[in-house]
Amino acid sequence: MALELIGVSKEVGARTHIAPTSLVLEKGTMNVLLGPTLSGKTSLMRLMAGLDVPTAGRIIWDGKDVTGMRVQDRKVAMVYQQFINYPSISVYDNIASPLRLQRKSKAEIDSAVRATAEMMKLTPLLQRKPLELSGGQQQRCALARALVKGAGLVLLDEPLANLDYKLREELRTEIPKIFEASGAIFVYATTEPEEALLLGGNTATLWEGRVTQFGPTPLVYRQPKDATTARVFSDPPMNFLPVTKAGARLLFGEGQNAPAGGTFAGIPDGRYLAGFRANHIEIARPGTPAGGALEFRCTLAVTEITGSETFVHLDHGGDRWVGLLPGVQDYVAGDELTIRLDPAFVYVFGEDGALVASAPYAAAA
Amino acid sequence: MDKPVNNKAWFLVLPVLVLVAFSAVIPLMTVVNYSVQDTFGNNVFFWAGLEWFEQALSSSRLHDALLRQILFSVIILAIQVPLGIFVALNMPKRGFWASLCLVLMALPLLIPWNVVGTIWQIFGRVDIGLLGYTLDKLGINYNYTANAIDAWVTVIVMDVWHWTSLVALLCYAGLQSIPDAYYQAAKIDQASRWKVFRYIELPKMQGVLLIAILLRFMDSFMIYTEPFVVTGGGPGNATTFLSIDLVKMAIGQFDLGPAAAFSIMYFLVIMLISWVFYTVMTNLDKREEMQ
Amino acid sequence: MAKITLSNLAHSYVPQPKGPQDFALKEMDHVWEDGASYALLGSSGCGKTTLLNIISGLLRPSQGRVLFGDRDVTDAPTAERNIAQVFQFPVVYDTMTVRDNLAFPLRNRGMDADYIRQRVQAIAQMIGMEAVLDRKARGLTADAKQKISLGRGMVRQDVNAILFDEPLTVIDPHMKWELRTQLKSLHREFNHTMIYVTHDQTEALTFAEKVVVMYDGRVVQIGTAQELFETPAHTFVGYFIGSPGMNLLDARIEGNVAHIEGSVVPLGAGYGPVSGRTQIGIRPEFVRLSASEGLPVKLRRVEDVGRHKIVRAEFFGREINIIADEGAEIGADMTRVTFRPERISVYADDWRVAPAGQLGEAA
C-alpha cells in the first residue's frame, strides 16, 4: 500500500503553486515536508488529501487512481496548526466522533477511544471539554481524533507550531512513537530543519512550489543534491563562498587552498560555490597548527550565547557567515577572528546550484 | 476507481432554477409583456411598442419623482452612515451593557414596515400624538399633512429611527474584529482619537460599511410602505417617491402599460446604481491591495 | 531613558484574592537597569505577559509600585510612560505606506519634518525595507509587516524602554536569525532598555544580557545564558533551559558523593547535610556513554539532530538523555553513563543547594 503522486501539479490562475511533482510514500513511513512559509507544503498536502484537484498528473492510492475523488471518500485524517476540536462535547466524544460516523458498535468505539486516549496521555481528561485543556492537550485531542479514525493517510500541517517551545519538544519525541504503532502513512509539514531531523523517516525539501529532494532524512541533510536543498535544510543557514578548482587543488578566497582529493578529485577545473554548515566552523587558537584546515579572517558582528553553545555571526568580506561553537565563547563584536574549516566538511556546488561534490565526511558516512 | 469531476451536480441546482423562474423571471416577463402593449380592459391587448417607455422618459411627473427619490436616498445615507458609525464607536465593547445595547438596537429592525408607519403617523399627529402635541405646545407650527418640509422631516426622522441600527450593528461587528493590540499600539504611538478612527477603525470597517451603504441605498430607493402610511405621498406630491408614484399609476389609474414600462426602468436604475457602487468600492479595495 | 523599578509588586485577576494560588504574579521586587536587555522566559500562563502589561501600563497591578527612574508611574496611562512595544502579531496601519507607518509615532509627537525623514530612512535601512518605503503596508507579507512593527518600535530615540511580546512568533526560522541579530545590533547601537517576552529559550538566551526565568507567577532565576545553563537555581530552570533539559535523578547526598539506586556517583564538591527531596541534576551535554564504567542504563533510541546526536536512555524507569557528537559511534555495548562531577548540581525540594564552603544560593 502506498500513496503515489505522478507528475502532480497545481496552478491557480497564472501562478504555479506546485510544480510537477512525483513522489512515492510507502505504508508505515513518516514523511516530512520541509520548507519555509509559502513554499507549497500546505498546497501539496491539500492535493494528497483530495481537498484540491491537481491541474495535471495523477494520484494513486493503494493501486487505485484517486485523482478526482473527494476527501470524504478517502481514508484521510488531517491535523492543523490551529487546535481544531468540537468545543461543546467532551474529549471522549471528540475522539469518538469519527468512529460514530463510521457506524461502529458502542463497544468497539469505547475500546478504540480508550486505547488512543491512553497513547496520547488523555485518559484522565476524557470527560473535560476541549476549551478547559491547555494548548498541548487540545492538540493531543486533535491528534487522537486523527489517529482513531484508522486512516491510511495522516496529514499533519505544522501541528506543533502554536505550542510552547518545551511542549513542542516533548510532543516531537512522542509523535514518532505513536506513528510506529499505527502503520499509516504520515505526512508532516514543518519549517524547522531540527524538527525534520528529530522526526526522522523521509524528508522532502520544498522551495517555491518545487520538491528539491526526497529521501531518508539524514541522507537529505548530509547529501543535499543542490544548494537550495542545503539552504532549506540548515538552521542556522548554510554559509557560502566562491571556490576555484585548478588542477589538483581547490582555491578558496584569501589564498587558502586544499588538496582536491576524495570526492573533490573528479571535479573539472572551473569556478564553483563552496558551502559549509555553522557547526563545522572552529575558531583558531593562536599558536595551534592549522593542520590542513582552511583559515579565514572574519570580523565578528554579533555573538549569541545559549549557554550550551555560542552562535557567532561573522562578516567575511561582505558575506555573512554563522558559526556554532560549543560552550560559552566571550568574543566581543568587532573582534577580528581567524576561523578554521576542515575541507572534509565542504560541499561544492556548481554555478547553477547543483551539487558537484558532496562533503567528504558525509560521503563516507 | 476512476471518478473524475462529473456533471450530475447540475441536477441539484435544478430546484433552485425552477424556483427562481417562478418567483422572479416569470413575473418580470409579465411586466415586460405589459410594457409593450396597450389595453382597454377585457383582456384585449394592442401592440404599443416602445411608446410607454418614451412617454415615461419624457414625463415630468416621473422626473420629479426620481429627483425626490434621489434627494431622499442621499439625505438618508448622509445621516445614517455617520450616525451609525458614531453609535457603533460609542457602544460598550463587552459585558452586560453590550448585550443590552444590541437588543435595544435590534428592536426597530424587528417592527414591520407598516407598523413603523402607523406608529409615526400617530406619533406626529398634533391632536393625539406625543411628538406633534409637544411641538405644537412649544409653539412650533408642525403639521406633516399640510407642510411639505414637515412631511419630509417626519419621513426622514422615521427612516433614521428605523434603520440606523442596521448600519450601527454592521459597523459594530467590524469594530469587534479589531484585536486589542491595535489600540494598545495606537496609545503607545500617541495617536489621537481621530487618527485611531482614521487609520485603524475605518479601514477595518470598510468591508461592512460597503455592505451597509449598499443595503441602505437600495432599501431607501425602494421605500414605499412607511411614507405611504404616514403621508400617502402628500401633501400634494411632496413625498411621492418612485414606488408610491408607480403604485398610484398602476393601481390608482390602472395605467398598466406605462406602469410596467416605468417598473422596468426603475428596476434597471437600481441595478445600475448598485452595480456601479459595488464595482467602484471593490476596485478601490483592490487597488490598495495591489500597491 | 530610565531604570525601571518594581517594588513589592503583585497582581491578581481575582478582585478579592484569597491566597497565593489566586495571584497570576506573586510578590516581587526587581530593578531593570537602564540600557540593559532582558528576556522574560517561561511557559504559557507563568505570568510573563502579565508582568509586561504592568510595565507598559496596560494593566494596573493589584499591589505594589512601578517606578520609571524616580517617577511613580503605577497609575500613569501607557501614553505617558514613553515606551515602545512590539506585539506578537504584526500591528501595522494597513492604509498607510511603510514610510508613514514608521513616521507615525514621530509625527504624533510633533517632531520636525527633517528629523522624521532622516530617522525613517535610518530605520528603513536597518530593517531592510528602503525599497518598499512608498508601498501600502496592506499587501505585504507577515514577515515584512512584523519588520515594520519592529521598526516603529525603534524609531523613537528617547523611549524609556522597548517591550517585545513574542515578536518572532510569525516569522520563518531563516528570517528569525536575521531579525534577531538586527535587534541585537540595534540594542548595541542605541542602548535602549529592552524587555523581551518569549517561551522560546533560544530567542531568550541569544537576545538578552539577562534572562528572567518565570514559573508559576514567580521569578525563579535571573542570570546570563551561561549561569542558567551551568548552575540552574531551580529544577524548572534546569528542565526549561537546554534541549533536552537537565537530567534529574533522586539521590542521597553524603559529603562529596551521591547514592543513586545502589550506585555511587562522585560530585565535584562537598555538601553539608541536605534535607527534603534531594536530587542531582546533570545536563545531557555533560553525560558520556561508556561500555565499562558508570550507572547502568538501557538505550532506547538515538536521534540524529544533525549537529549532534541525542541518545535517549532509561535508568530505573527515569529517562536519561545524552548528547553525543555528530560523528560518534554508539555501540550496543555502551550501556553505562558517567557524569562530569564538576557539572553536577544538587537540589533539595527543587532549589539548588550550594556546595559547602560557599555562600548559600538557595532561596
Requested in this report: Take the residues in segment C:325-341 that are out of contact with any Leu (no Cβ under 7 Å at 6 or more places or on another chain) and either free of Cβ contacts under 8 Å to residues at least 40 places away in the same chain or assigned to a helix (DSSP H, G or I) (or both), then tell me which one is farthest from C:ARG307 (Cα to Cα).
Outcome: C:ALA332
Report summary line: Reported set for segment B:163-198 where residues are away from every other protein chain (no Cβ under 14 Å) and in contact (Cβ under 8 Å) with a residue 40 or more places away in the chain is B:TRP163, B:THR164, B:SER165, B:LEU166, B:VAL167, B:ALA168, B:LEU169, B:LEU170, B:CYS171, B:TYR172, B:LEU175, B:GLN176
Requested in this report: Filter segment A:315-365 down to residues that are of a type in the set (Val, Ile, Thr) and away from chain C (no Cβ under 12 Å) and give me whichever is farthest from C:LEU183 (Cα to Cα).
Outcome: A:VAL356
Requested in this report: Select the strands (runs of 3 or more DSSP E) contained entirely in segment C:1-69, then report the ones holding at least 1 residues which are buried (at least 19 other Cβ atoms within 10 Å of the Cβ) and among the aromatic types (Phe, Trp, Tyr).
Outcome: C:23-32, C:37-41, C:63-68
Query raised in the report: Which residue, of A:ALA189, A:ALA196, A:ALA230, is part of a helix (DSSP H, G or I) and within 30 Å of A:LYS121 (Cα to Cα)?
Result: A:ALA196
**Report entry** Residues of segment A:290-319 that turn out to be under 23 Å from A:ALA258 (Cβ atoms), touching a residue at least 40 places away in the same chain (Cβ under 8 Å) and within 26 Å of the chain's Cα centre (by Cα), as a count
**Finding:** 1
Requested in this report: Could you figure out which of (1) surrounded by 23 or more Cβ atoms within 10 Å (Cβ to Cβ); (2) in a helix (DSSP H, G or I); (3) not acidic (Asp, Glu) isn't true of A:THR203?
Outcome: (2)
Report summary line: Within segment A:292-307, of all residues that are farther than 30 Å from C:GLU230 by Cβ and out of contact with any Ser or Thr (no Cβ under 8 Å at 6 or more places or on another chain), the one nearest to the other protein chains (Cβ to nearest Cβ) is A:GLY292
Query - Qualifying residues in segment A:164-214 (those that are farther than 30 Å from C:ASP165 by Cβ and among the acidic types (Asp, Glu)) - the one nearest to the other protein chains (Cβ to nearest Cβ) - result: A:GLU180
Query raised in the report: Which one of the conditions (1) touching a helix residue (DSSP H, G or I) at 6+ places or on another chain (Cβ under 9 Å); (2) within 14 Å of chain A (Cβ to nearest Cβ); (3) at pLDDT 90 or above does C:GLY242 fail to meet, given that it meets all the rest?
Result: (3)
Query raised in the report: Being surrounded by fewer than 20 Cβ atoms within 10 Å (Cβ to Cβ), small (Gly, Ala, Ser) and away from chain B (no Cβ under 14 Å), is that true of even one residue in segment C:74-88?
Result: no
Requested in this report: Could you grab me the full set of residues in segment C:284-314 that are over 25 Å from A:GLY201 (Cα atoms) and touching a Phe, Trp or Tyr at 6+ places or on another chain (Cβ under 7 Å)?
Outcome: C:PHE286, C:VAL287, C:LEU295, C:VAL297
Query raised in the report: Is it true that A:THR263 is part of a helix (DSSP H, G or I), within 30 Å of A:ALA204 (Cβ to Cβ) and not assigned by TED's automatic domain parsing to the domain that holds A:THR205?
Result: yes
Query - helices (runs of 4 or more DSSP H) enclosed by segment B:21-132 - at least 1 residues per element that are within 19 Å of the chain's Cα centre (by Cα) - result: B:60-90, B:96-110, B:113-123
Query raised in the report: Picking from C:GLU303, C:GLU319, which residue would you name as being in contact (Cβ under 8 Å) with a residue 60 or more places away in the chain, at negative phi and within 14 Å of chain A (Cβ to nearest Cβ)?
Result: C:GLU319
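Residue-wise test of (1) on the phi > 0 side of the Ramachandran plot; (2) assigned to a strand (DSSP E or B); (3) at pLDDT 90 or above.
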| residue | (1), (2), (3) |
| --- | --- |
| A:LEU51 | no, no, no |
| A:ILE60 | no, yes, yes |
| A:GLY68 | no, no, no |
| A:GLN82 | no, no, no |
| A:ASN94 | no, no, yes |
Query raised in the report: Is it the case that segment B:111-132 has a residue that's among the polar types (S, T, N, Q) and in contact with a Phe, Trp or Tyr (Cβ under 7 Å, 6 or more places away or on another chain)?
Result: no
Requested in this report: Assess whether C:ARG340 counts as being surrounded by fewer than 16 Cβ atoms within 10 Å (Cβ to Cβ), of a type outside the set (Gly, Ala, Ser) and either more than 23 Å from the chain's Cα centre (by Cα) or on the phi > 0 side of the Ramachandran plot (or both).
Outcome: yes
Query raised in the report: Is it fair to say B:LEU215 is surrounded by fewer than 20 Cβ atoms within 10 Å (Cβ to Cβ), among the hydrophobic types (A, V, I, L, M, F, W, C) and closer than 26 Å to C:TYR93 by Cβ?
Result: no
Query - Any pair with Cβ under 7 angstrom, 6 or more apart, that starts in segment A:214-242 at a residue that is charged (D, E, K, R) and ends at one that is buried (at least 24 other Cβ atoms within 10 Å of the Cβ) and not in a strand (DSSP E or B) - result: A:ASP235/A:PRO193
Requested in this report: Can you confirm whether segment C:43-63 contains a residue that is in contact with a helix residue (DSSP H, G or I) (Cβ under 8 Å, 6 or more places away or on another chain), assigned by TED's automatic domain parsing to the domain that holds C:ASN191 and free of Cβ contacts under 8 Å to residues at least 24 places away in the same chain?
Outcome: yes
Report task. State whether one or more residues within segment C:160-167 are more than 8 Å from every other protein chain (Cβ to nearest Cβ), closer than 30 Å to C:ASP349 by Cβ, touching a residue at least 12 places away in the same chain (Cβ under 8 Å) and among the acidic types (Asp, Glu). Result -> no
Query raised in the report: Could you count how many residues in segment A:1-45 are assigned to a helix (DSSP H, G or I) and under 15 Å from the mean Cα position of the chain (by Cα)?
Result: 4
Requested in this report: Please name all residue pairs, on different chains or six or more residues apart, with Cβ atoms under 7 Å, provided the first residue is in segment C:108-127 and is within 14 Å of chain B (Cβ to nearest Cβ) and over 21 Å from C:LEU183 (Cβ atoms) and the second residue is assigned to a helix (DSSP H, G or I) and of a type outside the set (D, E, K, R).
Outcome: C:ILE116/C:ALA103; C:ILE116/C:LEU106
Query raised in the report: charged (D, E, K, R), out of contact with any Phe, Trp or Tyr (no Cβ under 8 Å at 6 or more places or on another chain) and facing another protein chain (nearest Cβ under 10 Å), is that true of C:ARG180?
Result: no
Report task. Name every residue in segment C:245-258 that is within 14 Å of chain A (Cβ to nearest Cβ) and either among the aliphatic types (A, V, I, L, M) or more than 17 Å from A:LEU171 (Cα to Cα) (or both), in order of residue number. Result -> C:MET246, C:ASN247
Query raised in the report: Among the candidates C:ARG300, C:ARG288, which residue alone is within 13 Å of C:ASN247 (Cβ to Cβ) and surrounded by fewer than 20 Cβ atoms within 10 Å (Cβ to Cβ)?
Result: C:ARG288
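The values are calculated or read from the model by the stated rules, or taken from the named source; none is laboratory data. Every value quoted in this text rests on a predicted model; they were computed, and no experiment measured them. Reconstructed Cβ throughout: ideal geometry from the backbone, glycine too, with neighbour counts over all protein chains shown.
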